[in-house]
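Below is one structure, written out as structure tokens; the observations come after it.
Read-outs throughout are calculated quantities, based only on the coordinates presented, and are distinct from any laboratory measurement. Values in this document were obtained by computation on a predicted structure and should not be read as measured data. FYI the Cβ positions are ideal-geometry reconstructions off the backbone, even for glycines, and counts take in every protein chain you see.
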């Protein structure tokens with residue numbers, strides 16, 4: 001098949017029309033709801049989702065919920081407000097820090113961090129990262145915990161299993177409380193919760209089950225991240241949002257999605273993945289992307305492993321019959 | 001210290017069965033089967049596996065050794081332990 005640097009280019013106008021039609025149809029005919037509730041973070045995916053919903057349903061049938069907590073970047077709220085002003089939909093701010101504190105999110109997370117770094121102080125910042133050299137070697141994903149004190153000094157260690165699991169479990173309370181908050185606003189209006197995950201997040205499992213994965217529809221779930229950027233350009237969303245590096249906005253120290261989960265830049269990952277799905281020979285992919293065949297094969301293996309390893313996240317509750 | 005390959009193989013199989021197959025030692029997998037591809041362990045399981053290597057054999061894989069070629073089958077694990085404990 002034809003494979004070149006533009007294989008993931010889309011006709012953004014046509015895709016937008018199609019998505020608007022789908023969003024209207026699913027909300028009205030399948031879900032029997034009359035509007036859309038979206039968690040907006042100032043990130044590219046929630047921005048494009050909100051802009052599409054405003055176009056599909058009209059801005060009066062859209063509400064963007066901003067749900068900052070004490071580790072959120074202040075830029076998130078500022079960008080979310082700018083987005084809402086441009087597309088004319090209402091916003092509601094729900095600070096979820098108190099709820100998270102009540103659930104023990106911060107205490108449980110910090111307890112696990114201190115099991116690795118006993119000197120960790122709650123006023124310091126922390127983040128989890130994975131190797132980002134995944135094309136150099138076919139490596140497993142393992143996780144480093146990095147802490148930073150007020151003086152900017154950092155320490156990093158590979159995490160033992162128990163600390164990793166507890167930090168993730170505590171941090172996932174954030175996405176789950178956000179989902180709960182979104183459903184409050186949806187049920188109050190008899191509207192639907194619209195999820196914002198793209199194909200990269202959905203299929204490789206970069207979401208929290210019953211957290212940001214919990215929604216009534218996910219209009220971007222079939223689109224690669226670099227295609228979401230193409231829609232953003234077409235929809236003319238604020239330039240700062242397009243140019244902002246995607247982060248998890250979950251950990252107190254800022255961590256990019258590349259560092260935390262994907263281990264590759266989005267263009268390379270999406271092109272590799274597309275090539276893998278369409279059985280493009282590794283030699284051809286290597287030529288187009290300027291990589292070695294070994295790098296291409298490492299990339300294929302890493303993507304495939306993430307898809308397989310996160311299958312559990314994508315399964316609905318299993319029935320016995 | 002050379003390892004007794006047959007003993008280590010048996011110990012690793014027992015660990016995999018207990019830790020990942022809820023004690024079901026009837027699940028069939030060959031010594032060369034990829035744990036990942038056969039769905040026996042996931043990325044979290046790899047951490048559990050490395051914790052076991054440390055606890056049982058005193059071997060802590062370096063970051064650069066966290067590779068499927070070292071850890072993703074009984075054969076690979078045995079060869080890895082043999083190199084590390086030689």
Query raised in the report: For region A:1-136, what is the Kirkwood estimate of the hydrodynamic radius, computed as the reciprocal of the mean inverse distance between distinct Cα atoms, to one decimal in Å?
Result: 18.3
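Of all beta bridges DSSP finds with both residues in the protein assembly as shown, what is the antiparallel percent, to the nearest 5? Each step should come with its number before you reach the end.
Values: 11 of 22 bridges.
Close to 50 percent.
Divide the volume of the convex hull of the Cα atoms of the protein assembly as shown by its number of residues and quote the answer in cubic angstrom per residue.
Spread over its residues, the Cα hull of the protein assembly as shown gives 173 Å³ apiece.
Where the convex hull is taken over the Cα atoms of region B:5-85, what is its projected area averaged over directions, in nm²?
4.8
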Query raised in the report: With axes computed from alpha carbons, what is the tilt in degrees of helix B:74-85 against the longest principal axis of chain B, rounded to the nearest 10 within 0 to 90?
Result: 20
Report summary line: Longest principal axis of chain B (C-alpha) makes with the long axis of helix B:43-57 (C-alpha) an angle, in degrees to the nearest 10, of 50
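When you look at the Cβ of every residue in B:43-50, what mean number of other chain Cβ atoms sits within 10 Å?
Values: counts 11, 7, 3, 6, 12, 4, 2, 5.
The mean count of partner-chain Cβ atoms within 10 Å per residue comes to 6.
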